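Presented below is the structure to which this report refers.
Since every read-out is calculated from the coordinates, none of them should be taken as a lab result. From a predicted model like this one, the values you see are computed outputs, not experimental measurements. Every residue, glycine among them, receives a Cβ derived from its backbone with ideal geometry; neighbour counts consider all protein chains shown.
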Amino acid sequence: MTYLDQVKTILTDVLGLGASGAALGADTPLLGSLPELDSMAVVSLIGALEEHFGIAIDDDDISASTFATVGSLAAFVEERAA
């Protein structure tokens with residue numbers, strides 16, 4: 001399973017997207033486009049990513065560009081996990 005697929009699964013679970021999570025793609029915009037992705041959901045999502053991938057994400061490492069699209073988030077996670 002690719003990083004993109006894993007991130008999509010985590011997004012779907014954390015945000016409770018259900019079947020609509022299947023429509024997420026690398027170019028799917030996140031912040032400002034998914035109403036489910038509010039500030040509390042971002043915190044939950046970061047925790048889920050840290051736990052799943054065994055990585056640590058500092059507040060200083062996160063920017064709006066990280067959460068621009070599903071693909072940018074997956075690339076960020078892949079870079080951290082390397």
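Side notes on the structure shown:
- Simple point charges give the picture: +1 on the Cβ of Lys and Arg, -1 on the Cβ of Asp and Glu, and for the chain a dipole about the Cα centre of about 280 debye.
- Mean Cβ count within 10 Å, highest first, over the residues of peptides 42-50, 20-28: 42-50, 20-28
- The chain, relative contact order in percent, only Cα pairs under 8 angstrom and at least six apart counted: 41 percent
- Annotation: extensible slack from residue 27 through residue 79 equals 16.9 nm (criterion: 0.36 nm per residue apart, minus Cα-Cα distance).
- Against the compact-protein benchmark of 2.2 N^0.38 Å, the Cα-based radius of gyration of the chain scales to 0.97.
- For 2, 69, order by how many other beta-carbon atoms lie within 10 Å, fewest first: 2, 69
- Value of D in µm² per second that Stokes-Einstein yields for region 38-82, Kirkwood Rh from Cα pairs, at 4 °C (1.567 mPa s): 122 µm²/s
- Between residue 63 and residue 41, the simple label model (points 7 Å from Cα in the Cβ direction) yields a spacing of 2.4 nm.
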